[in-house]
2 protein chains.
Amino acid sequence: MKASVVKIEPNGHVCSDCAVRDLAVCSSLDPTELREFEHLGRRVHFSSGETVFSEEDITTSFYNLVEGVMRLYKLLPDGRRQIVGFALPGDFLGMNISGRHNFSADAIGGVTVCQFAKAPFGRFIEDRPHLLRRINELAVRELSHARNHMVLLGRRSADEKVAAFLLGWRERLVSLKGASDTVPLPMSRQDIADYLGLTIETVSRTFTKLERHGVIEIIHGGISLLDPAKVEALAAA
Amino acid sequence: MKASVVKIEPNGHVCSDCAVRDLAVCSSLDPTELREFEHLGRRVHFSSGETVFSEEDITTSFYNLVEGVMRLYKLLPDGRRQIVGFALPGDFLGMNISGRHNFSADAIGGVTVCQFAKAPFGRFIEDRPHLLRRINELAVRELSHARNHMVLLGRRSADEKVAAFLLGWRERLVSLKGASDTVPLPMSRQDIADYLGLTIETVSRTFTKLERHGVIEIIHGGISLLDPAKVEALAAA
DNA sequence: TGCGAAAATTGATCTGGGTCAATCGCCTTT
DNA sequence: AAAGGCGATTGACCCAGATCAATTTTCGCA
């Protein structure tokens, strides 16, 4: 949204002590490769609300999210928005066949990415099938998520959508922050609505309804699952 | 749906004159590889309505659709169904990370697939990165489709959904049957409804409404686009 | 060629979630 | 500490699309 004034970190970064070393595509690289890989990427910081790349932009870079949360979304000509996913540390962004990004991505809160110019990255992959396999693995995982989300969007009620979202988001945070019934929600209600194919009002009402029923507690910056089993039942598997 | 009585074709098939030679994953193989590849797959026929594989089944095979159309879908415990896509000749099915299919697939009309046992296929890929790259390409293409479909499911009206579906289906048929304003629809109205996140009644009503407005003509086994530009306008890009 | 069943269409009515419109409750910023 | 502003909540009302209920059309099969 805002004008993009990115902050590039001084060259001092080393992959070997990167926070997402074992989650990201890099997990497929051995120490020698990793040192070479280090020179391909540069760390870039984006502040809250900044757009990292836009749908229809020609793809010049791939990104490895290192820290923070991003919303990935598509817009219809009249402004309707569908968020197709939230990216978390370890996620790899930018793969496409058309040569253009097919969604936009912006920062929710401060974000650090590891940015790779397309050509050198492509060359690096060339003779490293294990990296390609890792990328494919992430794509297939993403595809599975996308299909689950289609079911949610096409066939679930508002209550089910919200319940499933809370559980799914909590689940995704497990590998990053460990399991917890306290679920931070860094994204806005509008973001949640656009992710679930609902309006902000319906999301808000559903939250308060769940709270009235003692199923969740709305806390500052997130929610707390008071009765996870009940939420699971509401999500209709 | 029906009990599965598959028909395996006698061994006489050769990849080099396969109908999907240039569309499928096989397009990445050179003639020598293709001859070796030939021994990995066997052609299997499924009749209308038969299930090729089911969600949650352990993946023992990958499939290359050679002829016919398949519906790919997920079911909720209470029977609600979301069709996540229709497969056409050239499509590659079975990639997943969990070791289980994450959707079900059944034949719409008669279908011929080229079936590969998982292990030998995996071994064949192992030292052929160009095949892996081709598979990744198909996965990324699929991912793009999935994201577009999320927008449709989450943010488009019934009219827009139907119009977009007709255009999208027509577009997919171009590479198989050439461009045409006559669009065959081998799937049922229920299938279309479950693909678009609508009910069968809404799909039917929308078709008749479009026909009344002179935008399409409902013909036997499909529709004809009388005013493609108008349909595009309705689809809201 | 006709019969039974399944698919598709059409009509009448209902409702979940959208729309419109106030507040409310914070965070800033001064 | 007051004011301004933005995100979130809440309420009143509405409507697109679901549901329920007949037909009508198509199709497989004898």
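Miscellaneous remarks
- Karplus 3J(HN,Hα) series, Hz, for segment B:120-127 with 6.51 cos²θ - 1.76 cosθ + 1.60 (x for Gly, Pro): x, 4, x, 5, 5, 5, 2, 9
- Positive-end extreme of charge dipole, segment B:92-237 - chosen from B:Leu132, B:Ser188, B:Ala105 (charges on Cβ): B:Leu132
- Amide proton proximity set for B:Val84, modelled H, under 5 Å, gap of 5+: B:Leu72, B:Tyr73, B:Lys74
- Fluctuation leader among A:Gly94, A:Gly222, A:Gly49 - chain A, Gaussian network, Cα springs under 10 angstrom: A:Gly222
- Amide hydrogen neighbours beyond the local backbone of B:Val183, cut-off 5 Å, H modeled: B:Ile223, B:Ser224, B:Leu225
- Solvent exposure ordering (accessible area, 1.4 Å, most first) of A:Glu50, A:Glu38: A:Glu38, A:Glu50
- Computed from label points 7 Å out along Cα-Cβ, the spacing between A:Arg141 and A:Gln190 is 3.1 nm.
- Legend: mean number of C-beta atoms from other chains within 10 angstrom of residue C-beta atoms, peptide A:72-82, equals 4.
- Distance between the 7 Å Cα→Cβ label points at B:Ser47 and A:Ala119: 5.8 nm.
- Between helix A:158-177 and chain A there is an angle of about 40 degrees, using the helix long axis and the longest principal axis of the Cα atoms.
- Most mobile listed residue (A:Ser98, A:Ser224, A:Ser47) in chain A, GNM with C-alpha springs under 10 Å: A:Ser98
- Which listed pairs, of A:Lys161/B:Lys161; B:Lys118/B:Lys161; A:Lys230/B:Lys161, have C-alpha distances above 31 Å, in listed order: B:Lys118/B:Lys161; A:Lys230/B:Lys161
- Inter-copy spacing of B:Pro77 label points, which lie 7 Å from Cα along Cα→Cβ, given in nm from shortest upward: 4.4
- Residues listed by number, segment A:138-165, amide nitrogen under 15 Å from A:Leu173 label point at 7 Å toward C-beta: A:163-165
- Span from the segment B:105-161 Cα centroid across to the segment A:92-131 one, whole angstrom: 21
- Cβ neighbours within 10 Å from other chains - mean over A:133-143: 6
- Dimensions of chain A based on its C-alpha atoms, expressed as ranges along the principal axes with the largest first, amount to 55, 40, 31 Å.
- Remark: segment B:217-230, residue by residue, has Karplus-estimated 3J(HN,Hα) of 10, 7, 10, 5, x, x, 9, 10, 7, 7, 9, x, 4, 5 Hz, where x stands for each Gly or Pro and the curve is 6.51 cos²θ - 1.76 cosθ + 1.60 at θ = phi - 60°.
- Reducing segment A:173-237 and segment B:162-237 to their Cα centroids gives an inter-centroid distance of 37 Å.
- Against chain A, whose longest principal axis comes from its Cα atoms, helix A:129-155 is set at around 20 degrees.
- Using 0.36 nm per residue and subtracting the Cα-Cα separation, the extra length available between A:Ser204 and A:Leu76 on full extension is 43.7 nm.
- Calculated FRET efficiency, A:Ala229 to B:Arg21, Cβ-Cβ distance, R0 = 35 Å: about 0.10 to the nearest 0.05.
- Across the copies of the chain, B:Gly222 has label points (7 Å from Cα along Cα→Cβ) spaced 5.4 nm apart, shortest distance listed first.
- Candidate aspartates and glutamates - alpha carbon under 17 Å from A:Lys177, same-chain residues fewer than 8 apart omitted: A:Asp22, A:Glu67, A:Asp91
- 0 to 90° range, to nearest 10: angle between helix A:200-212 axis and chain A longest Cα axis: 60
- Cα pair distances in the protein assembly as shown, grouped into 10 Å bins until the bin that holds the longest one, percent each: 4, 18, 28, 27, 18, 5, 0
- Here the 3J(HN,Hα) profile of segment A:182-189, calculated from phi with Karplus coefficients 6.51, -1.76 and 1.60 at θ = phi - 60°, is 8, 10, x, 10, x, 8, 6, 4 Hz, Gly and Pro shown as x.
- On the beta carbon distance between A:Glu211 and A:Asp127, with R0 = 45 Å, the FRET formula returns roughly 0.25.
- In angstrom, the C-alpha Rg and Dmax of segment B:1-142 are 14.8, 50.
- Chain B: most fluctuating residue of B:Asp181, B:Asp30, B:Asp194 per GNM, C-alpha cutoff 10 Å: B:Asp30
The values are calculated or read from the model by the stated rules, or taken from the named source; none is laboratory data. Because the structure is a prediction, the values reported are computed rather than measured. Here Cβ is always computed from backbone atoms with ideal geometry, including for glycine, and neighbour counts include all displayed protein chains. Note: areas computed on protein heavy atoms with side chains; ligands, DNA, RNA excluded. Shrake-Rupley method; radii C 1.70, N 1.55, O 1.52, S 1.80 Å.
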